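J.: One structure coming up, written as structure tokens, with questions to follow.
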Amino acid sequence: MSPRSVPAGNRLVPPQCLFVFIDLEATGLDVSSDDIIEIGALCCLWRDGAWCEWSPAPFQQYVSTARKLDPFIVKLTGITNAKLDACGIPVERAFNLLVQWLEDCRAEAPRSVGELCPTWMVAHNGLYFDFPMLASVDKQIAASRRFVPQRPLSLFRRLGVSGVVDSLRVSRQLGGSRGHSLAKLHRVYARGCTVTFHSAVGDCEALAAVAASPKFTQAWAQERIGLALDKIEVLDRVPAPQAPVRVAPQVTGPAVSPAPAPSFWWGPFCCRRRKQALLSSDILLGSQQSTQHGTT
């Protein structure tokens, strides 16, 4: 199932829920082959149709990569290879730190004793980029392990995520805006709040500010904007990245015999064997033609 075939919304947000706003910076937009270079996340508590005044410290972590960053990515995000070499860590360790951070936030969240507080993950354009990217990298990590005693839990299961929300879809359902980029939504719904765009934590803060606006809050409370995790096959079934297959160009017209492989000191021997093969084929062809004429 592709992200485009997922229904627009099939589940109401619970009365009490821990929302995790997440944003990724990567080396490109290909979720199956590009690398994550920064992870940012922010927790907010939703209770009885309103946002609670509770703001734990956000999560921010640079992720190392062996690739040379494109100048466009460097200019857009301000992240350089030197910064990743100095501050970046392997992506598997970054995922473990993200899981630990969310467990700490869940433990510190103010809620009634014994009251369940499910966790939902929110990202702008998440169904097309952030969620598939997390799932793809998680599968690469699992495939790189030499020995796995049992099928490991996916990153979303380890995070305890019950469902996801794509704020881009929420914006398109609401309408009334000339554009649906995060910067435009922030300019319309969250005036007076200054953030740094194209940084992981900055985008999370902008997304949380947009979600806290009255129009989005009403949509959060009344509309079926949520997608249950067990119904989003794209999260757990992202195909593993494969090496590109080079297809030989098709040659039209008469068949052309391939050029002989370069020969070195054994060249005369190969040439002599080739002449013998051609001679024997000519003799065989001539004998077949003579027998055909004889029968006719």
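The values are calculated or read from the model by the stated rules, or taken from the named source; none is laboratory data. Only a predicted model underlies this, so the values are computations on that prediction, with no experimental measurement involved. Please note: Cβ atoms are built from the backbone with ideal geometry, for glycine as well, and neighbour counts cover all protein chains shown. Accessible surface areas use protein heavy atoms only, side chains included; no ligands, DNA or RNA. Shrake-Rupley method; radii C 1.70, N 1.55, O 1.52, S 1.80 Å.
J.: Normalised by the residues of the range 30-182, what does the relative contact order come to in percent, with Cα pairs under 8 Å and at least six apart?
T.: Value for the range 30-182: 22 percent.
J.: By the scheme Lys and Arg +1, Asp and Glu -1, what is the net charge of all other residues having a beta-carbon under 13 Å from that of Ile73?
T.: Around Ile73, the surrounding residues sum to -2.
J.: Rank by packing, highest mean first: peptides 46-54, 90-98, 14-22, with packing defined as the count of other Cβ atoms within 10 Å averaged across residues.
T.: Output ranking for 46-54, 90-98, 14-22: 14-22, 90-98, 46-54.
J.: Can you give the net charge of the other residues whose Cβ lies under 13 Å from the Cβ of Leu42, counting K and R as +1 and D and E as -1?
T.: Within the 13 Å Cβ shell, the charges total -3.
J.: With all protein chains present, how much of the accessible area of the range 15-111 (probe radius 1.4 Å) comes from carbon and sulfur, to the nearest whole percent?
T.: 54
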